[in-house]
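Below: one structure, written as structure tokens.
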Amino acid sequence: MSDTSPVYHGFRDGNGGVVQVALPFALDALCAEYDEVTARMARRAAPPAFSRDEWGYLLGFMRGSALRAVFTQGFGPASDELDSMPVRIARPRAHVAIWLPNNVSLLGPLTTTLCLLTGAHVRAKAGTGSENLTAHLRDEILENGAGPILTRLWQQNLTVEQFDRHDPRNADWSSAADARIFFGSDAAALSVESLPHKPGTPFFAFADHSSLVWADPAALDDAALTTLLRVFRIYGKAGCTSPQSLVLIDAEPKDAIATANRLKELSDAQTGTNPPVHIASDSFMADQVARANGWHAVRTANGDAVFVAGAPAPEDLPGLMSLSVIAQPREEALATLPDEIQTVGHIADPDRLRDWALSLSASRALRFVPVQQMHHFGPFWDGQPFWRGLFQDLDIRI
């Protein structure tokens, strides 16, 4: 873990017992260093590798208060009763290997931040087809006056490399890891899982998933639609948490048409620059496919997105920046959820959400969150408390 003597931090589990977490640093000191360096980073423009939204989200993710909350989510409320006999002592697994995806490069900085929070030595394989944002973040932290703990974690404890699936480093990293984390396709997950590894090594696989939004038409004002557009424009339909469609629960087809039209109008009001040629071409194709199928399609003025009402399913509509707007009874919406459903974002009054949540509990959905939180990553993901699994516990009984 580290040559540094462990610093013990107390928490209370659900039964009231004290859990002590051994870290190679004082958590308060680490959080203070993150607050100092992110404050300096916030005073500068977003680096070229990051969009402004990505950079703002990442800086918020690394706030000291947000990082402390990771520990309370994993271990329970903080406790200063370090002289009490603990029921467990949690120790970080020393070496963590991460395989990152090509489509959502921000997962690299986020996952790496969480893994380094344990004090582990982390090896992160960046996707060969994406920008290596993890390396960019490391450089930004170190160039903005990182304190001694952050310097040790991000400079000495972290290795970030890009190589393909045939590279022998895949097997080497897997063999040496005490925990493995994977993002990518189902087939690639099985391939990485089968690599040589120590017996009992945890493997957290986050494979193929899709997401969508359920909305009450009565709650779809311009503010709600603008928030949806902001979320959709980050990755289009590329990410596992990206909305593939907007489902209007218990609505009429005319509501879907009106919503598609309003999304187009709001997009036109927000968008200034022309999109890359491949996005414009892709959106033109989606528009033509929709019209050929008799669906109602509206393309933004600069051609960077298409909103379609009438498509029976998102997979029937091509295009990275094409969003299906579907009107369905709740029972039908539930029955047609994709098998690989991950996140259902919601736009509705609170009094409707409980019934919707109970309905979704019978499905394979893993998250039911406000639409603005669809891309929010955390220590509990896809129904797995993976960050807590980066610790090994000493169970104590007297």
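The values are calculated or read from the model by the stated rules, or taken from the named source; none is laboratory data. Just so it is clear, the model here is predicted, and its values are computed rather than measured. Heads up, the Cβs are rebuilt from the backbone with ideal geometry, glycines too, and the neighbour counts pull from every protein chain shown. Accessible surface is based on the protein model in full, side chains and every heavy atom, while ligands, DNA and RNA are left aside. Shrake-Rupley method; radii C 1.70, N 1.55, O 1.52, S 1.80 Å.
The table below lists the values:
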item	result
Test: residue in the range 19-32 that is assigned to a loop (DSSP other than H, G, I, E, B) and not hydrophobic (A, V, I, L, M, F, W, C)	yes
Positions within the range 124-170 being open to solvent by less than 80 Å² (accessible area, probe 1.4 Å), in contact with a strand residue (DSSP E or B) (Cβ under 7 Å, 6 or more places away or on another chain), farther than 27 Å from D35 by Cβ and in a loop (DSSP other than H, G, I, E, B), in sequence order	F163
Output for the range 92-123, where each listed residue is without any contact (Cβ under 8 Å) to a residue 60 or more places away in the chain, under 20 Å from F380 (Cβ atoms) and assigned to a strand (DSSP E or B)	V122
Residue in the range 209-217 that is open to solvent by 20 Å² or more (accessible area, probe 1.4 Å) and more than 26 Å from the chain's Cα centre (by Cα) present	yes
Residue match in the range 382-396 (condition: of a type in the set (F, W, Y), assigned to a strand (DSSP E or B) and modelled with pLDDT under 95)	no
In the range 172-199, residue modelled with the lowest pLDDT [restricted to those that are surrounded by fewer than 16 Cβ atoms within 10 Å (Cβ to Cβ) and assigned to a loop (DSSP other than H, G, I, E, B)]	S185
Extreme residue, nearest to D268 (Cα to Cα), among residues of the range 289-342 that are under 25 Å from the mean Cα position of the chain (by Cα) and polar (S, T, N, Q)	S322
Long-range neighbours under 8 Å by Cβ, at least six apart or interchain, first residue under 18 Å from P24 (Cβ atoms) and in contact (Cβ under 8 Å) with a residue 12 or more places away in the chain within the range 71-91, second open to solvent by 60 Å² or more (accessible area, probe 1.4 Å) and of a type in the set (A, V, I, L, M, F, W, C)	F71/A78; I89/L394; A90/L394; R91/M1; R91/L394
Qualifying residue in the range 237-251 (condition: in a helix (DSSP H, G or I), over 21 Å from the mean Cα position of the chain (by Cα) and among the hydrophobic types (A, V, I, L, M, F, W, C))	no
Filtered residues of the range 291-325 (kept if open to solvent by less than 10 Å² (accessible area, probe 1.4 Å), farther than 17 Å from S211 by Cβ and either at pLDDT below 90 or out of contact with any strand residue (DSSP E or B) (no Cβ under 9 Å at 6 or more places or on another chain) (or both))	G303
Scope the range 341-354; condition surrounded by fewer than 18 Cβ atoms within 10 Å (Cβ to Cβ) and touching a helix residue (DSSP H, G or I) at 6+ places or on another chain (Cβ under 8 Å); matching residues	D349
Test: residue in the range 161-171 that is within 24 Å of F380 (Cβ to Cβ) and modelled with pLDDT of 95 or more	no
Of residues in the range 205-228 being in a helix (DSSP H, G or I) and among the small types (G, A, S), the one farthest from P338 (Cα to Cα)	A223
Residues satisfying the stated conditions in the range 355-373, i.e. hydrophobic (A, V, I, L, M, F, W, C), touching a helix residue (DSSP H, G or I) at 6+ places or on another chain (Cβ under 8 Å) and either modelled with pLDDT of 95 or more or assigned to a helix (DSSP H, G or I) (or both)	W356, L360, F368, V371
